[in-house]
Amino acid sequence: MCGIVCYVGKKKAQPILIEGLKRLEYRGYDSAGLAVQNGDHVDYFRAVGRIVELEKKIHDHDITGSSGIAHTRWATHGEPTEENAHPHTDQEKNVFVIHNGIIENYQILKSKLQKNGVRFSSDTDTEVLAHLISKYFDGDLCEAVRKTMSKVEGTFGIAVIHRNKPGQIVVARRGSPLIIGVGKDGNFAASDISAMVRYTNKVVHLNDNELATITEDGFTISTAQAIAVQRDAETVEWAPEDAELNGFPHFMLKEIFEQPETLRNAMRGRLEQGEGVPRLGGIMPVWDTLKECRHIVIVACGTSYFAGCVGRYIFEKLTEIDIEVELASEFRYRKLNFPHNTYIIAMSQSGETADTLAAIREARRKGAKLLGIVNVVGSSISRETDAGVYNHAGPEIGVASTKIFISQLTILTLLALLLGRHQNLSLTEGVEAIRALEVLPEQVQTILSEANHIQAIAEKYYHYNNWLFLGRKYCYPIAMEGALKLKEISYIHAEGYAAGEMKHGPIALINPDMPTVAIAPKDSMYDKMINNIQEIKSRKGLVIAIGTEGDEQLKEMVDDFIGIPPTLDILNPILAVVPCQLIAYYCARFLNRDIDKPRNLAKSVTVE
Ligand code: AGP
């Protein structure tokens with residue numbers, strides 16, 4: 001959950017590092033720092049708060065070095081103070097280290113070092129790395145890092161420079177992402193690609209327990225056991241403008257409006273109209289066992305989990321497969337007795353979520369086969385699953401996940417359709433589903449054209465402190481996702497509930513100061529949703545309905561109405577979530593929230 005960025009090459013490092021930090025600020029932003037080397041001189045600055053505070057600190061300094069490391073922090077050990085900001089150093093200020101992850105045994109290591117007279121200047125776990133590397137350094141920085149790794153338990157993505165090794169950066173990873181970037185004017189390392197996408201789209205993923213020494217001329221990779229590794233760079237499909245706002249006030253709004261293109265990217269080359277059978281090349285390596293599979297468990301966290309919850313209904317509709325969905329953070333504690341040929345589908349935008357990664361590792365131990373639905377190419381989850389499907393959605397910078405959610409729903413639908421067409425789903429049903437998928441981008445565009453109407457609704461209700469979101473069947477997870485969107489960026493309390501549960505308790509909450517967003521498209525649950533809305537209105541509750549466009553009956557019943565185009569029941573969630581995203585976004589704007597970097601949140605939760 002911290003951001004790491006490094007550069008060594010022909011250019012001044014400082015502006016590249018600061019720009020990279022800004023692209024990683026969504027990963028953590030309570031303090032930041034950098035160390036830039038010029039010969040045996042190191043310019044070393046740290047600041048509490050956003051990157052802009054660090055920029056203020058270095059503003060009057062001429063930092064000329066062309067090699068350096070930089071870090072933006074999301075505190076796990078030690079308060080967000082300047083002393084706890086990275087980089088951390090040894091006592092002599094020869095070693096500078098930045099770290100993403102948690103050193104589980106840092107107290108033991110710290111007390112041993114203190115017994116040997118080492119004085120610590122911070123409360124962090126990371127600082128032990130600086131002192132250990134200093135202790136083991138005998139002229140070979142990579143070997144000193146390797147020895148340090150052998151003493152450390154826990155997770156890390158680290159970058160290290162040494163005053164006596166100018167032009168050299170050593171990086172290492174175990175459990176936290178670290179990627180090398182190969183540029184024309186120098187080389188990079190970062191927590192994720194967005195920090196360097198402006199300079200290169202050629203990346204090399206480090207595996208766990210690997211180190212690399214990076215210089216202006218290239219990089220060498222080796223294992224913790226000092227075995228050399230040869231790995232070629234991959235080309236990612238992201239372009240620099242993907243990591244730019246391009247005129248939008250926030251990345252979240254940009255990514256909401258990108259969703260028609262996101263859907264096209266998720267379906268590109270995957271829809272085969274004639275036979276009503278999608279093509280998913282990424283799962284073909286395991287197709288022989290997957291097509292026989294009759295038990296699937298989807299594991300994920302947060303918004304990705306809600307996507308899985310929708311996926312369960314879709315699989316039940318389109319296939320004969322027994323499907324479960326589990327919160328990854330709970331899944332790993334269950335007694336897992338998988339039926340033969342069970343597949344686990346790990347859903348993750350970042351591909352680095354620690355709970356999801358831990359869950360698939362536990363599932364692997366218990367003999368399950370693993371698929372990934374991931375956005376970041378080459379991320380840990382994508383590399384630890386047997387096969388999978390990439391979202392191809394480009395970077396999602398806003399902490400609140402939007403475009404990835406509908407991309408995940410689309411891919412789950414394609415996967416269920418593919419499997420279903422090899423089970424009992426007819427050609428007609430397959431063709432009908434594909435035709436409905438093909439028009440989704442234009443339908444989402446239609447909803448986005450109502451943004452001003454939705455903004456006006458948000459302006460009418462943003463001052464209420466408690467909201468309820470209700471849905472049934474396919475739209476029940478949308479109620480939960482809508483509530484999550486609202487609370488995580490506007491900080492308004494909201495609950496997503498199965499509408500059928502209202503009479504079992506939540507209806508006691510209904511009052512004139514509590515808006516309810518009722519997701520009631522004309523699907524198989526419509527009549528029951530109408531009943532729920534009537535129950536709320538009869539108790540003077542406020543209702544904002546998301547319904548099928550032209551539904552005059554529903555419009556008359558409620559306080560405000562947002563129309564979505566008609567589609568298949570299984571695809572309503574993709575359309576119904578867009579108004580929920582916009583309601584959350586505009587409420588947060590009216591409340592002047594920090595929308596792309598909500599308090600306490602990080603884009604990728606790489607610690608458990
Ligand atoms: C989504 O709005 C949240 N930021 C969060 O719930 C996120 O979906 C969750 O942390 C899972 O992330 P992942 O998809 O990268 O695994």
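The values are calculated or read from the model by the stated rules, or taken from the named source; none is laboratory data. Keep in mind it's a predicted model, so treat the numbers as computed, not measured. Note: ideal-geometry Cβ built from the backbone for every residue, glycine included; neighbour counts use all protein chains shown.
Would you call Ile345 buried (at least 21 other Cβ atoms within 10 Å of the Cβ), among the β-branched types (Val, Ile, Thr), within 13 Å of the ligand (Cβ to nearest atom) and closer than 19 Å to Glu292 by Cβ?
Yes.
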Among residues belonging to the stretch 533-549 that are in contact with a Lys or Arg (Cβ under 9 Å, 6 or more places away or on another chain) and among the small types (Gly, Ala, Ser), point out the one that is nearest to Pro512 (Cα to Cα). Ala545
Where residues in the stretch 385-420 are over 22 Å from Asn201 (Cα atoms) and polar (S, T, N, Q), which of them is surrounded by the most Cβ atoms within 10 Å (Cβ to Cβ)? Gln408
Which of the residues spanning the stretch 401-446 are within 19 Å of Ala483 (Cα to Cα) and β-branched (Val, Ile, Thr)? Thr402, Ile404, Ile406
How about the stretch 355-374: which of its residues are modelled with pLDDT of 95 or more and on the phi > 0 side of the Ramachandran plot? none
If you take the residues in the stretch 21-44 that are in a helix (DSSP H, G or I) and farther than 17 Å from Val160 by Cα, which one is modelled with the highest pLDDT? Lys22
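Here is a list: Val286, Val299, Val310, Val325. Which entry is within 16 Å of the ligand (Cβ to nearest atom), touching a residue at least 60 places away in the same chain (Cβ under 8 Å) and either farther than 28 Å from Thr446 by Cβ or not β-branched (Val, Ile, Thr) (or both)? Talk me through it step by step, then tell me what you get.
Values: Val286 fails: within 16 Å of the ligand (Cβ to nearest atom); Val310 fails: either farther than 28 Å from Thr446 by Cβ or not β-branched (Val, Ile, Thr) (or both); Val325 fails: touching a residue at least 60 places away in the same chain (Cβ under 8 Å).
Of the residues listed, the single one that is within 16 Å of the ligand (Cβ to nearest atom), touching a residue at least 60 places away in the same chain (Cβ under 8 Å) and either farther than 28 Å from Thr446 by Cβ or not β-branched (Val, Ile, Thr) (or both) is Val299.
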Looking for something among the β-branched types (Val, Ile, Thr), in contact with a helix residue (DSSP H, G or I) (Cβ under 9 Å, 6 or more places away or on another chain), outside any strand (DSSP E or B) and surrounded by fewer than 18 Cβ atoms within 10 Å (Cβ to Cβ) - is there at least one such residue anywhere in the stretch 504-513? yes
Could you tell me whether any residue of the stretch 329-347 is under 23 Å from the mean Cα position of the chain (by Cα), under 30 Å from Ile397 (Cβ atoms) and part of a loop (DSSP other than H, G, I, E, B)? yes
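Given the options His86, His77, name the one that is more than 26 Å from Asp40 (Cβ to Cβ), in a loop (DSSP other than H, G, I, E, B) and not aromatic (Phe, Trp, Tyr). Break it down stepwise before answering.
Details: His86 fails: more than 26 Å from Asp40 (Cβ to Cβ).
It is His77.
Of Thr262, Thr319, which residue is within 16 Å of the ligand (Cβ to nearest atom) and of a type in the set (Ser, Thr, Tyr)? Spell out how you get there, then give the answer.
On the way: Thr319 fails: within 16 Å of the ligand (Cβ to nearest atom).
Among Thr262, Thr319, only Thr262 is within 16 Å of the ligand (Cβ to nearest atom) and of a type in the set (Ser, Thr, Tyr).
Hey, among Ala451, Ala499, Ala436, which residue is of a type outside the set (Ser, Thr, Tyr) and crowded, with 21+ Cβ neighbours inside 10 Å?
Working: Ala451 fails: crowded, with 21+ Cβ neighbours inside 10 Å; Ala436 fails: crowded, with 21+ Cβ neighbours inside 10 Å.
Just a single option satisfies the conditions, and that option is Ala499.
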Could you list all residues from the stretch 364-384 that are more than 13 Å from the ligand (Cβ to nearest atom) and crowded, with 24+ Cβ neighbours inside 10 Å? Leu371
